[in-house]
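Notes follow the structure.
The values are calculated or read from the model by the stated rules, or taken from the named source; none is laboratory data. Predicted model only: the values in this text are computed from it and were never measured. For neighbour counting, all protein chains shown are included, and Cβ atoms are generated from backbone atoms with ideal geometry for every residue, glycine included.
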Amino acid sequence: MDERPIGIFDSGFGGLTVARAMIDLLEFEHLVYVGDTGRYPYGPRPLDQVRGFSQEITRYLVTTHDVKMVVVACNTASAAGLNELQAEFDVPIVGVIEAGVRAAISATRNGHVGVIGTVGTIGSGAYQQQFEMEHSGVKLACGACPGFVEFVERGETETDQVHVLAERLLAPIQDAGVDTLLLGCTHYPFLARTIGDVMGRDVVLVSSAEETAFAVAAQLAATSMERSSMSGVARHRFLSSGDVAWFRQLGRQLLGPELESAEAIQWL
C-alpha cells in the first residue's frame, strides 16, 4: 500500500469542498492542500498564466511532498491546463470538470442544464466541450459569475449583497428553464444556500466535490495506491501563499476541525 499523501490545490478556499469530500470518503489518506491565496482569484486571469501557476504548484507537490496523486480542485485551473499537467507529470492528476458534468447529466430530468463558473472557466469552453464529449444531448445555459469567489474569500456567503448579485447573475440561467445547475467553481458550494434560494427548490444544485472524491477513490483502487487502514491516523497539511492567519481562521470555518493549523508557502 502507498503511504504517500495526495496533493490538492486551488486558488484559495474553494478546493476545501473537495478536501472535505475526500477526508470523509478516504479517511486513511494523507492530504497536502495548497491554497494559492496570494494570487487569487484565478478566474479573471489569462489562462496561460493560470496554467503556469498550476504547473508550479504541481511541481512543488511532486518534488517537495512526494505526492502520489494531484487533485486540481479548481475549475479554472482544470480548464486552463489539465491535459498539459497530465502529460508533464508521472503521477495521476485528477480534475473536477469531468466528474461534475457526469453528475449533472445524471441529475437532469428535462435535459436543460445550467453551468455557472468564473469568467475564465466559462470563457474557456471546457464545460461545453465536456458535455459534447459525453454525447448527453442536454441543452446548456452557461453563465459567468464574477464576484462570487471574492464573497467566499471574505467569508460573506449569506449577506444581502451576495443575494442581490446572485439574483442579477442567475437571471439568464433561470430564464433558460434549467432543472439542474452545475456549480462550475469549487468556491460556489459555500454559496449554495443563496444560489438555491434564488434558483428555487425545483432546481437541483450539483457540486463536483463528491464526484471528484469518488473518482480519486476509483483511481487509487485501480492502481493499488490506497493507504492501508492499519497504518494509523491520516495527517492533513494545509499551506497558503497569502495571509496564513486568515487562511487558518476562515478555512477552519469552511472545512471543519481538521484544519488545525496552516503553513506559509512562498513562490520564487
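Please find, among Val206, Val216, the residue that is among the β-branched types (Val, Ile, Thr), in a strand (DSSP E or B) and surrounded by 15 or more Cβ atoms within 10 Å (Cβ to Cβ). Before you say what the answer is, go through the steps one by one.
Working: Val216 fails: in a strand (DSSP E or B).
Just one listed residue meets the conditions, Val206.
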Going through (1) over 24 Å from Ala77 (Cβ atoms); (2) touching an Asp or Glu at 6+ places or on another chain (Cβ under 9 Å) one by one, Ile265 fails only at (1)
In the range 47-78, anything surrounded by fewer than 17 Cβ atoms within 10 Å (Cβ to Cβ), among the β-branched types (Val, Ile, Thr) and closer than 21 Å to Thr223 by Cβ is listed as Thr63
Open item on the list: Considering only the range 138-158, I want to know if a residue exists there that is buried (at least 16 other Cβ atoms within 10 Å of the Cβ), among the aromatic types (Phe, Trp, Tyr) and within 30 Å of Thr223 (Cβ to Cβ).
Closed with: no
Reported set for the range 13-56 where residues are among the acidic types (Asp, Glu) and assigned to a helix (DSSP H, G or I) is Asp24, Asp48, Glu56
### Query
Before we move on, is Ala217 touching a residue at least 60 places away in the same chain (Cβ under 8 Å), of a type outside the set (Phe, Trp, Tyr) and either under 19 Å from Asn75 (Cβ atoms) or not assigned by TED's automatic domain parsing to the domain that holds Glu260 (or both)?
no
In the range 1-39, residues that are within 19 Å of Phe214 (Cβ to Cβ) and hydroxyl-bearing (Ser, Thr, Tyr) total 2
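In this structure, does Val152 turn out to be of a type in the set (Val, Ile, Thr) and assigned by TED's automatic domain parsing to the domain that holds Thr64? It would help to see each step written out before you state the result.
On the way: of a type in the set (Val, Ile, Thr): yes; assigned by TED's automatic domain parsing to the domain that holds Thr64: no.
Taking the combined requirement at face value, the residue does not satisfy it.
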- Query: If you go through the range 99-113 one residue at a time, do you hit one that is under 18 Å from Asp10 (Cα atoms), within 18 Å of the chain's Cα centre (by Cα) and among the β-branched types (Val, Ile, Thr)?
  - Reply: no
